[in-house]
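Visitor: Let me begin by handing over the structure; questions about it come next.
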């Protein structure tokens, strides 16, 4: 498995330990924790290989690797594990 897949799986497992109402907050906290160090962000971005810094979902451009990594991980998490946030 890759660092990205491992990270997302770890976050999903953590969310399962909490009620659905609290999971969105825990997701944001964990993504903040994962993207705090630029070195980790570059490793993740090397795996994901985004084509640009534009965050089309929210209509802005990421200004740092940390922002881009956060949104890439969030988007991938929602695609793969988003059902965990459904009420």
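Visitor: Filter region 18-35 for residues that are assigned to a loop (DSSP other than H, G, I, E, B) and surrounded by 11 or more Cβ atoms within 10 Å (Cβ to Cβ) and give the result.
Guide: 18, 35
Visitor: Sticking with this structure for a sec: Being loosely packed, with under 15 Cβ neighbours inside 10 Å, modelled with pLDDT of 95 or more and either in a helix (DSSP H, G or I) or out of contact with any strand residue (DSSP E or B) (no Cβ under 7 Å at 6 or more places or on another chain) (or both) narrows it down to one residue among 51, 9; which is it? Explain how you work it out, then say what you get.
Guide: Details: 51 fails: modelled with pLDDT of 95 or more.
None of the others qualify; the one that does is 9.
The values are calculated or read from the model by the stated rules, or taken from the named source; none is laboratory data. Since we're looking at a predicted model, the values are computed, not measured. Neighbour counts run over all protein chains shown; Cβ positions are idealised from the backbone, glycine included.
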